[in-house]
Amino acid sequence: MTDPKPQPIATPQAIRGTQDIFGADAEAFAHVVETFERVRKLYRFRRVEMPVFEKTAVFSRSLGETTDVVSKEMYSFEDRGGESLTLRPEFTAGLARAFITDGWQQHAPLKVATHGPLFRYERPQKGRYRQFHQLDAEIIGAGEPQADVELLVMADQLLKELGISDGVTLMLNTLGDGASRDAWRTALVRYFRDHAASLSEDSQARLEKNPLRILDSKDPRDKPFTADAPMIDEFLSGEAQDFFGAVTSGLDAAGVAWTRAPALVRGLDYYRHTAFEFVTDRLGAQGTVLGGGRYDGLIETLGGPHTPAVGWAAGIERLAMLVGEVEQIEPALAILPESDDLELKASAVAAQLRRAGIPCWTAFRQNPKKRITKARSDGAFSALYVRSEENRSQEFKITSVSTTDEEVELAKRVMAILGEDRFGL
Ligand code: ATP
Ligand code: MG
(Lines give C-alpha, C1' and ligand atoms only; values in the text may rest on other atoms or scores of the structure.)
(Ligands and ions follow the chains in the order given, each with its own letter.)
Protein backbone atom coordinates (compact mmCIF):
# COMPACT_ATOMS: atom_id res chain seq x y z
CA MET A 1 0.00 0.00 0.00
CA THR A 2 1.29 3.48 -0.79
CA ASP A 3 0.86 6.41 1.53
CA PRO A 4 -1.97 8.74 0.53
CA LYS A 5 -0.75 11.95 -1.06
CA PRO A 6 -0.39 14.57 1.70
CA GLN A 7 -3.11 17.21 1.47
CA PRO A 8 -2.02 20.84 1.71
CA ILE A 9 -2.97 22.15 5.12
CA ALA A 10 -4.82 25.47 5.27
CA THR A 11 -3.39 27.66 8.03
CA PRO A 12 -6.15 29.11 10.21
CA GLN A 13 -6.08 32.91 10.07
CA ALA A 14 -6.00 35.19 13.11
CA ILE A 15 -9.36 36.44 14.36
CA ARG A 16 -10.44 39.75 12.82
CA GLY A 17 -9.68 42.65 15.13
CA THR A 18 -6.90 40.82 17.00
CA GLN A 19 -3.26 41.76 16.64
CA ASP A 20 0.06 39.97 16.77
CA ILE A 21 2.21 42.74 18.18
CA PHE A 22 5.85 42.47 17.17
CA GLY A 23 9.06 44.45 16.85
CA ALA A 24 9.03 48.18 17.55
CA ASP A 25 5.27 48.11 18.28
CA ALA A 26 5.79 45.46 20.93
CA GLU A 27 8.66 47.47 22.47
CA ALA A 28 6.46 50.56 22.59
CA PHE A 29 3.66 48.49 24.15
CA ALA A 30 6.03 47.14 26.83
CA HIS A 31 7.38 50.64 27.45
CA VAL A 32 3.85 51.91 28.13
CA VAL A 33 3.18 49.08 30.59
CA GLU A 34 6.54 49.51 32.35
CA THR A 35 6.01 53.25 32.70
CA PHE A 36 2.53 52.66 34.12
CA GLU A 37 3.94 50.17 36.63
CA ARG A 38 6.51 52.71 37.76
CA VAL A 39 3.96 55.51 38.09
CA ARG A 40 1.34 53.44 39.92
CA LYS A 41 3.99 52.52 42.49
CA LEU A 42 4.79 56.22 42.99
CA TYR A 43 1.12 56.69 43.86
CA ARG A 44 1.01 53.49 45.94
CA PHE A 45 -1.69 51.83 43.87
CA ARG A 46 -1.76 48.10 44.61
CA ARG A 47 -1.43 45.71 41.74
CA VAL A 48 -4.32 43.29 41.15
CA GLU A 49 -4.80 40.50 38.61
CA MET A 50 -8.34 39.87 37.46
CA PRO A 51 -10.11 37.06 35.57
CA VAL A 52 -10.54 37.56 31.85
CA PHE A 53 -14.15 36.40 32.04
CA GLU A 54 -17.02 36.92 34.44
CA LYS A 55 -20.69 35.99 34.67
CA THR A 56 -22.51 38.05 32.05
CA ALA A 57 -24.61 39.78 34.73
CA VAL A 58 -21.48 41.46 36.14
CA PHE A 59 -21.31 43.58 32.99
CA SER A 60 -24.95 43.75 31.85
CA ARG A 61 -26.10 44.99 35.25
CA SER A 62 -23.35 47.47 35.90
CA LEU A 63 -22.79 49.00 32.47
CA GLY A 64 -26.49 49.28 31.62
CA GLU A 65 -28.48 47.47 28.93
CA THR A 66 -28.62 50.49 26.62
CA THR A 67 -24.88 51.07 26.39
CA ASP A 68 -23.01 50.18 23.20
CA VAL A 69 -20.89 47.72 25.10
CA VAL A 70 -23.78 45.67 26.50
CA SER A 71 -26.18 46.03 23.58
CA LYS A 72 -23.78 45.07 20.81
CA GLU A 73 -20.13 44.66 21.77
CA MET A 74 -19.91 41.86 24.33
CA TYR A 75 -18.42 38.46 23.63
CA SER A 76 -20.89 36.33 25.58
CA PHE A 77 -21.22 32.57 25.43
CA GLU A 78 -22.57 29.64 27.35
CA ASP A 79 -19.98 27.44 28.98
CA ARG A 80 -20.33 23.68 29.18
CA GLY A 81 -22.30 24.01 32.39
CA GLY A 82 -24.89 26.23 30.66
CA GLU A 83 -23.80 29.41 32.42
CA SER A 84 -23.70 32.69 30.46
CA LEU A 85 -20.18 34.12 30.62
CA THR A 86 -18.65 37.20 29.01
CA LEU A 87 -15.08 38.06 28.07
CA ARG A 88 -14.40 41.25 29.99
CA PRO A 89 -15.10 44.38 27.91
CA GLU A 90 -13.66 46.59 30.68
CA PHE A 91 -12.04 46.27 34.11
CA THR A 92 -14.22 48.36 36.39
CA ALA A 93 -17.23 46.03 36.67
CA GLY A 94 -15.05 43.01 37.53
CA LEU A 95 -13.14 45.05 40.14
CA ALA A 96 -16.42 46.18 41.66
CA ARG A 97 -17.60 42.55 41.77
CA ALA A 98 -14.34 41.54 43.49
CA PHE A 99 -14.64 44.39 45.97
CA ILE A 100 -17.94 42.85 47.12
CA THR A 101 -17.22 39.12 46.83
CA ASP A 102 -13.64 39.19 48.16
CA GLY A 103 -14.25 41.42 51.17
CA TRP A 104 -12.07 44.24 49.88
CA GLN A 105 -14.24 46.66 51.91
CA GLN A 106 -11.78 46.15 54.76
CA HIS A 107 -9.12 47.90 52.65
CA ALA A 108 -11.28 50.88 51.65
CA PRO A 109 -10.36 53.37 50.42
CA LEU A 110 -8.58 50.95 48.13
CA LYS A 111 -6.25 52.10 45.36
CA VAL A 112 -5.78 49.41 42.72
CA ALA A 113 -4.13 49.18 39.32
CA THR A 114 -4.15 46.49 36.67
CA HIS A 115 -3.68 46.00 32.94
CA GLY A 116 -4.43 43.39 30.34
CA PRO A 117 -6.59 42.38 27.38
CA LEU A 118 -10.25 43.32 26.89
CA PHE A 119 -12.74 42.20 24.28
CA ARG A 120 -15.37 44.13 22.37
CA TYR A 121 -17.10 43.18 19.15
CA GLU A 122 -16.44 46.44 17.31
CA ARG A 123 -15.74 47.37 13.71
CA PRO A 124 -11.94 46.98 13.53
CA GLN A 125 -9.93 49.96 12.30
CA LYS A 126 -6.72 51.72 13.22
CA GLY A 127 -6.75 52.22 16.99
CA ARG A 128 -9.90 50.10 17.42
CA TYR A 129 -9.66 46.35 17.87
CA ARG A 130 -11.74 43.44 19.11
CA GLN A 131 -9.03 42.40 21.51
CA PHE A 132 -7.32 45.47 22.87
CA HIS A 133 -5.43 46.30 26.05
CA GLN A 134 -5.88 48.82 28.81
CA LEU A 135 -4.12 50.23 31.79
CA ASP A 136 -6.58 50.72 34.63
CA ALA A 137 -6.46 52.61 37.93
CA GLU A 138 -9.28 52.89 40.46
CA ILE A 139 -9.89 54.30 43.94
CA ILE A 140 -12.76 52.36 45.51
CA GLY A 141 -14.45 53.59 48.67
CA ALA A 142 -13.52 57.29 48.49
CA GLY A 143 -16.20 59.92 47.91
CA GLU A 144 -13.88 62.91 48.26
CA PRO A 145 -13.06 65.06 45.23
CA GLN A 146 -9.37 64.74 46.23
CA ALA A 147 -9.55 61.14 44.99
CA ASP A 148 -10.64 62.37 41.54
CA VAL A 149 -7.81 64.89 41.62
CA GLU A 150 -5.19 62.29 42.55
CA LEU A 151 -6.24 59.99 39.72
CA LEU A 152 -6.09 62.84 37.23
CA VAL A 153 -2.69 64.00 38.45
CA MET A 154 -1.49 60.41 38.11
CA ALA A 155 -2.85 60.17 34.54
CA ASP A 156 -1.17 63.47 33.70
CA GLN A 157 2.15 62.25 35.10
CA LEU A 158 1.88 59.00 33.15
CA LEU A 159 1.44 60.91 29.88
CA LYS A 160 4.34 63.22 30.76
CA GLU A 161 6.65 60.31 31.62
CA LEU A 162 5.72 58.66 28.33
CA GLY A 163 6.73 61.93 26.65
CA ILE A 164 3.38 62.29 24.89
CA SER A 165 1.61 64.98 26.89
CA ASP A 166 2.15 67.64 24.21
CA GLY A 167 -1.00 67.85 22.14
CA VAL A 168 -2.98 65.70 24.56
CA THR A 169 -5.73 67.65 26.33
CA LEU A 170 -7.62 66.78 29.48
CA MET A 171 -11.32 67.35 28.72
CA LEU A 172 -13.26 67.59 31.95
CA ASN A 173 -16.94 67.60 32.77
CA THR A 174 -19.31 66.92 35.63
CA LEU A 175 -22.46 64.88 35.24
CA GLY A 176 -23.67 66.12 38.62
CA ASP A 177 -25.19 64.03 41.38
CA GLY A 178 -28.19 61.75 40.84
CA ALA A 179 -30.73 64.60 41.04
CA SER A 180 -28.79 66.91 38.67
CA ARG A 181 -28.32 64.11 36.22
CA ASP A 182 -32.04 63.17 36.27
CA ALA A 183 -33.10 66.77 35.63
CA TRP A 184 -30.63 67.06 32.77
CA ARG A 185 -31.85 63.76 31.37
CA THR A 186 -35.47 64.93 31.34
CA ALA A 187 -34.50 68.13 29.53
CA LEU A 188 -32.48 66.17 26.98
CA VAL A 189 -35.38 63.82 26.23
CA ARG A 190 -37.66 66.83 25.68
CA TYR A 191 -35.10 68.50 23.41
CA PHE A 192 -34.19 65.45 21.33
CA ARG A 193 -37.85 64.39 20.89
CA ASP A 194 -38.34 67.55 18.81
CA HIS A 195 -35.54 66.41 16.47
CA ALA A 196 -36.13 62.66 16.68
CA ALA A 197 -36.81 62.17 12.98
CA SER A 198 -33.42 63.63 11.97
CA LEU A 199 -31.34 61.59 14.43
CA SER A 200 -29.47 58.39 13.60
CA GLU A 201 -31.33 55.12 14.20
CA ASP A 202 -29.10 54.37 17.19
CA SER A 203 -29.87 57.70 18.78
CA GLN A 204 -33.60 57.35 18.13
CA ALA A 205 -33.49 54.04 19.93
CA ARG A 206 -31.58 55.60 22.85
CA LEU A 207 -33.75 58.69 23.10
CA GLU A 208 -36.12 57.67 25.91
CA LYS A 209 -33.83 55.29 27.77
CA ASN A 210 -30.41 56.86 27.58
CA PRO A 211 -30.47 60.34 26.02
CA LEU A 212 -27.06 61.28 27.50
CA ARG A 213 -25.51 58.77 25.15
CA ILE A 214 -26.75 60.76 22.15
CA LEU A 215 -24.24 63.45 23.17
CA ASP A 216 -21.52 60.81 22.85
CA SER A 217 -22.66 59.75 19.37
CA LYS A 218 -20.07 59.66 16.61
CA ASP A 219 -22.73 59.70 13.86
CA PRO A 220 -22.51 62.90 11.76
CA ARG A 221 -26.33 63.02 11.56
CA ASP A 222 -26.48 63.59 15.33
CA LYS A 223 -23.76 66.24 15.55
CA PRO A 224 -25.82 69.33 14.61
CA PHE A 225 -28.30 68.55 17.38
CA THR A 226 -25.84 67.62 20.08
CA ALA A 227 -24.17 71.03 19.75
CA ASP A 228 -27.33 72.90 20.81
CA ALA A 229 -28.58 70.42 23.39
CA PRO A 230 -29.19 71.59 26.98
CA MET A 231 -26.01 71.55 29.07
CA ILE A 232 -25.56 70.05 32.52
CA ASP A 233 -24.64 73.41 34.07
CA GLU A 234 -28.28 74.56 34.08
CA PHE A 235 -29.20 71.59 36.26
CA LEU A 236 -26.32 71.26 38.70
CA SER A 237 -27.27 71.26 42.38
CA GLY A 238 -25.22 73.42 44.75
CA GLU A 239 -23.56 70.30 46.10
CA ALA A 240 -22.61 69.10 42.64
CA GLN A 241 -21.17 72.52 41.81
CA ASP A 242 -19.08 72.46 44.98
CA PHE A 243 -17.78 69.00 44.17
CA PHE A 244 -16.74 70.03 40.69
CA GLY A 245 -15.18 73.21 42.06
CA ALA A 246 -13.06 71.14 44.45
CA VAL A 247 -11.86 68.94 41.59
CA THR A 248 -10.89 71.86 39.36
CA SER A 249 -9.13 73.77 42.12
CA GLY A 250 -7.24 70.59 43.05
CA LEU A 251 -6.06 70.25 39.46
CA ASP A 252 -5.05 73.92 39.32
CA ALA A 253 -3.10 73.57 42.57
CA ALA A 254 -1.28 70.51 41.21
CA GLY A 255 -0.49 72.26 37.94
CA VAL A 256 -2.58 69.98 35.71
CA ALA A 257 -4.09 71.78 32.73
CA TRP A 258 -7.71 71.00 31.85
CA THR A 259 -10.40 72.15 29.46
CA ARG A 260 -14.09 72.24 30.29
CA ALA A 261 -16.12 70.02 27.96
CA PRO A 262 -19.78 70.59 28.93
CA ALA A 263 -21.13 67.97 26.50
CA LEU A 264 -18.69 65.24 27.50
CA VAL A 265 -20.50 62.14 28.73
CA ARG A 266 -19.03 58.71 29.10
CA GLY A 267 -20.42 55.70 27.29
CA LEU A 268 -21.38 53.80 30.41
CA ASP A 269 -24.42 54.43 32.59
CA TYR A 270 -22.76 54.35 35.95
CA TYR A 271 -20.92 57.68 35.93
CA ARG A 272 -21.70 60.50 38.43
CA HIS A 273 -19.96 63.82 39.03
CA THR A 274 -16.55 63.84 37.37
CA ALA A 275 -16.18 62.56 33.81
CA PHE A 276 -13.05 63.06 31.76
CA GLU A 277 -11.08 62.08 28.70
CA PHE A 278 -7.55 62.80 27.55
CA VAL A 279 -7.82 63.42 23.81
CA THR A 280 -5.44 64.13 20.97
CA ASP A 281 -5.86 64.91 17.29
CA ARG A 282 -2.70 62.96 16.45
CA LEU A 283 -4.54 59.62 16.16
CA GLY A 284 -7.26 60.47 13.66
CA ALA A 285 -10.74 59.37 14.62
CA GLN A 286 -9.64 57.27 17.61
CA GLY A 287 -8.33 60.25 19.56
CA THR A 288 -9.32 59.31 23.11
CA VAL A 289 -6.33 57.78 24.85
CA LEU A 290 -7.60 57.71 28.43
CA GLY A 291 -11.05 58.07 29.93
CA GLY A 292 -12.81 57.71 33.22
CA GLY A 293 -14.77 59.27 36.00
CA ARG A 294 -16.66 58.76 39.21
CA TYR A 295 -19.05 55.83 39.59
CA ASP A 296 -20.63 56.18 43.02
CA GLY A 297 -23.65 53.98 42.25
CA LEU A 298 -21.95 51.00 40.62
CA ILE A 299 -21.20 48.81 43.61
CA GLU A 300 -24.79 49.13 44.88
CA THR A 301 -26.03 48.12 41.42
CA LEU A 302 -24.10 44.88 41.87
CA GLY A 303 -25.68 44.26 45.28
CA GLY A 304 -22.93 45.72 47.46
CA PRO A 305 -23.03 48.50 50.05
CA HIS A 306 -23.04 52.13 48.94
CA THR A 307 -19.41 52.69 47.91
CA PRO A 308 -18.27 55.82 46.09
CA ALA A 309 -15.45 55.23 43.65
CA VAL A 310 -13.55 56.78 40.78
CA GLY A 311 -11.23 55.43 38.11
CA TRP A 312 -9.82 55.56 34.62
CA ALA A 313 -8.69 53.32 31.82
CA ALA A 314 -6.27 54.02 28.98
CA GLY A 315 -5.86 52.19 25.69
CA ILE A 316 -2.34 50.74 25.59
CA GLU A 317 -2.30 50.46 21.77
CA ARG A 318 -3.26 54.12 21.40
CA LEU A 319 -0.64 55.25 23.93
CA ALA A 320 1.95 53.07 22.19
CA MET A 321 1.11 54.67 18.83
CA LEU A 322 1.75 58.10 20.33
CA VAL A 323 5.00 56.94 21.89
CA GLY A 324 6.19 55.75 18.46
CA GLU A 325 9.61 54.18 18.15
CA VAL A 326 11.10 53.29 21.49
CA GLU A 327 14.86 53.41 21.44
CA GLN A 328 16.66 50.46 22.94
CA ILE A 329 18.83 52.63 25.11
CA GLU A 330 20.43 49.92 27.15
CA PRO A 331 23.47 48.63 25.24
CA ALA A 332 23.79 44.90 24.80
CA LEU A 333 26.84 42.78 24.16
CA ALA A 334 26.95 40.24 21.32
CA ILE A 335 28.73 37.06 22.39
CA LEU A 336 30.55 35.62 19.37
CA PRO A 337 32.54 32.34 19.48
CA GLU A 338 35.40 32.54 17.00
CA SER A 339 34.98 28.90 15.99
CA ASP A 340 32.34 26.17 16.33
CA ASP A 341 34.21 24.33 19.10
CA LEU A 342 33.87 27.42 21.30
CA GLU A 343 30.04 27.44 21.40
CA LEU A 344 30.00 25.83 24.83
CA LYS A 345 32.48 28.28 26.26
CA ALA A 346 30.61 31.19 24.68
CA SER A 347 27.33 30.15 26.24
CA ALA A 348 28.99 29.73 29.63
CA VAL A 349 30.45 33.25 29.35
CA ALA A 350 27.05 34.65 28.34
CA ALA A 351 25.46 33.00 31.37
CA GLN A 352 28.15 34.45 33.67
CA LEU A 353 27.72 37.96 32.27
CA ARG A 354 23.93 37.85 32.37
CA ARG A 355 24.03 36.73 35.99
CA ALA A 356 26.12 39.83 36.61
CA GLY A 357 23.39 41.94 34.97
CA ILE A 358 24.93 42.48 31.51
CA PRO A 359 22.39 42.14 28.66
CA CYS A 360 23.91 39.68 26.16
CA TRP A 361 22.89 38.89 22.60
CA THR A 362 23.50 35.35 21.39
CA ALA A 363 22.78 33.31 18.30
CA PHE A 364 23.09 29.63 17.62
CA ARG A 365 24.46 29.22 14.10
CA GLN A 366 26.42 31.05 11.42
CA ASN A 367 29.96 32.32 11.25
CA PRO A 368 31.06 35.29 13.39
CA LYS A 369 30.76 37.70 10.47
CA LYS A 370 27.12 36.88 9.81
CA ARG A 371 26.42 36.87 13.51
CA ILE A 372 27.80 40.33 14.05
CA THR A 373 25.67 41.68 11.19
CA LYS A 374 22.56 40.15 12.75
CA ALA A 375 23.61 41.35 16.22
CA ARG A 376 23.91 44.93 14.96
CA SER A 377 20.53 44.80 13.28
CA ASP A 378 19.12 43.50 16.60
CA GLY A 379 20.61 46.51 18.38
CA ALA A 380 23.79 45.11 19.97
CA PHE A 381 26.69 47.43 19.18
CA SER A 382 29.47 45.90 21.27
CA ALA A 383 30.80 42.42 20.70
CA LEU A 384 32.76 40.01 22.84
CA TYR A 385 34.80 37.55 20.76
CA VAL A 386 35.37 34.29 22.58
CA ARG A 387 38.61 32.59 21.60
CA SER A 388 40.39 29.37 22.55
CA GLU A 389 42.30 29.18 25.81
CA GLU A 390 45.74 28.50 24.25
CA ASN A 391 46.90 31.93 25.16
CA ARG A 392 45.16 33.15 28.33
CA SER A 393 45.95 36.77 27.64
CA GLN A 394 44.03 36.53 24.36
CA GLU A 395 40.99 34.61 25.41
CA PHE A 396 38.61 37.50 24.78
CA LYS A 397 38.45 40.50 22.53
CA ILE A 398 35.92 43.26 22.89
CA THR A 399 34.93 45.65 20.11
CA SER A 400 32.47 48.50 19.86
CA VAL A 401 31.08 50.32 16.87
CA SER A 402 30.40 53.44 18.83
CA THR A 403 32.40 54.99 21.65
CA THR A 404 29.45 56.39 23.54
CA ASP A 405 29.86 56.60 27.30
CA GLU A 406 27.45 53.68 27.67
CA GLU A 407 29.47 51.43 25.36
CA VAL A 408 32.75 52.31 27.07
CA GLU A 409 31.18 51.69 30.46
CA LEU A 410 29.83 48.34 29.28
CA ALA A 411 33.28 47.25 28.04
CA LYS A 412 34.85 48.17 31.39
CA ARG A 413 32.27 46.21 33.35
CA VAL A 414 32.68 43.14 31.14
CA MET A 415 36.47 43.19 31.52
CA ALA A 416 36.20 43.54 35.28
CA ILE A 417 33.82 40.59 35.49
CA LEU A 418 35.83 38.25 33.27
CA GLY A 419 39.29 39.42 34.40
CA GLU A 420 41.32 42.01 32.53
CA ASP A 421 44.27 39.66 32.12
CA ARG A 422 42.20 37.49 29.78
CA PHE A 423 41.87 40.26 27.22
CA GLY A 424 44.68 40.78 24.76
CA LEU A 425 45.32 44.44 25.39
P1 ATP B 1 -14.76 55.00 22.21
O2 ATP B 1 -15.69 56.14 22.41
O3 ATP B 1 -13.52 55.32 21.42
O4 ATP B 1 -15.45 53.75 21.74
P5 ATP B 1 -15.00 54.11 24.89
O6 ATP B 1 -15.69 55.18 25.60
O7 ATP B 1 -15.77 52.91 24.44
O8 ATP B 1 -14.18 54.69 23.65
P9 ATP B 1 -13.62 53.31 27.23
O10 ATP B 1 -14.54 52.20 27.55
O11 ATP B 1 -13.69 54.54 28.01
O12 ATP B 1 -13.73 53.65 25.68
O13 ATP B 1 -12.12 52.77 27.22
C14 ATP B 1 -11.02 53.58 27.64
C15 ATP B 1 -9.95 53.64 26.58
O16 ATP B 1 -9.69 52.35 26.05
C17 ATP B 1 -10.34 54.45 25.36
O18 ATP B 1 -10.12 55.79 25.59
C19 ATP B 1 -9.39 53.91 24.33
O20 ATP B 1 -8.10 54.47 24.47
C21 ATP B 1 -9.34 52.46 24.69
N22 ATP B 1 -10.25 51.66 23.86
C23 ATP B 1 -11.59 51.49 24.03
N24 ATP B 1 -12.09 50.65 23.10
C25 ATP B 1 -11.03 50.28 22.32
C26 ATP B 1 -10.86 49.41 21.19
N27 ATP B 1 -11.90 48.73 20.68
N28 ATP B 1 -9.63 49.26 20.65
C29 ATP B 1 -8.57 49.92 21.17
N30 ATP B 1 -8.64 50.75 22.24
C31 ATP B 1 -9.86 50.93 22.80
MG1 MG C 1 -16.54 52.24 22.59
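Details
- Net charge of Cβ neighbours under 10 Å - reference Met50; Lys, Arg +1; Asp, Glu -1: -1
- For His273, distant residues with modelled amide H under 5 Å away: Leu175, Gly176, Asp177
- Evaluated at q = 0.14, 0.18, 0.19, 0.22 Å⁻¹, a Debye calculation over the C-alpha positions of the stretch 3-142 (equal weights, vacuum) places log10 I(q)/I(0) at -0.80, -1.16, -1.24, -1.39.
- Full extension of the chain between Glu83 and Gln204 gives 40.3 nm of extra length, using 0.36 nm per residue less the Cα-Cα distance.
- Extension gain for Ser249-Arg413 works out to 54.0 nm (0.36 nm per residue, less the C-alpha to C-alpha distance).
- Modelled FRET efficiency - R0 30 Å, Arg47 with Glu144, Cβ distances, 0.05 increments: 0.80
- Cα gyration tensor, the stretch 129-242 - rounded (a/c under 1.5), prolate or oblate: oblate
- Between Arg376, Arg97, Arg40, the residue with the greatest mean-square fluctuation in the GNM of the chain (Cα pairs under 10 Å linked by springs) is Arg376.
- Two-site label geometry, Asn367 and Tyr75: point separation in nm, points 7 Å out along Cα→Cβ: 4.9
- The convex hull around the C-alpha trace of the chain, projected and averaged over every direction, spans 31.1 square nanometres.
- Stretch in the chain that is longest and holds no GluC sites (Glu not before Pro) that DSSP places in a loop and that have at most 16 other beta carbons within 10 Å: 209-324
- Were the residues from Ala30 through Asp233 laid out at 0.36 nm apart, the gain over their Cα-Cα distance would be 69.0 nm.
- 0 to 90° range, to nearest 10: angle between helix 238-254 axis and the chain longest Cα axis: 20
- Mean ellipticity per residue at 222 nm, deg cm²/dmol - from DSSP H runs of n ≥ 4 across the chain, formula -39500 (n - 2.57): -11000 deg cm²/dmol
- Both radii were evaluated on the Cα set of the stretch 333-422; the Rg over Rh quotient, with Rh as the Kirkwood radius, amounts to 0.93.
- Carbon and sulfur %, accessible surface of the stretch 1-154 computed with the full protein complex present, 1.4 Å: 53
- At R0 = 45 Å, FRET efficiency that the Cβ-Cβ distance of Thr288 and Lys397 yields, to 0.05: 0.25
- In plain terms, the chain is cut at each of the chymotrypsin sites (Phe, Trp or Tyr not before Pro) found in a DSSP loop with at most 11 other Cβ atoms within 10 Å, and the longest leftover piece is 23-363.
- Element breakdown for the stretch 333-422 at a 1.4 angstrom probe: carbon and sulfur atoms account for 51% of the accessible area.
- Computed with a 1.4 Å probe over protein heavy atoms only, the accessible surface of the stretch 125-268 comes to 43 Å² per residue.
- The DSSP beta bridges internal to the stretch 333-422 are antiparallel in roughly 40% of cases.
The values are calculated or read from the model by the stated rules, or taken from the named source; none is laboratory data. None of these values were measured; they are calculated from a predicted model. Cβ: placed from backbone, ideal geometry, glycine included. Neighbour counts: every protein chain shown. The accessibility values were calculated without ligands, DNA or RNA, using every heavy atom of the protein model including side chains. Shrake-Rupley method; radii C 1.70, N 1.55, O 1.52, S 1.80 Å.
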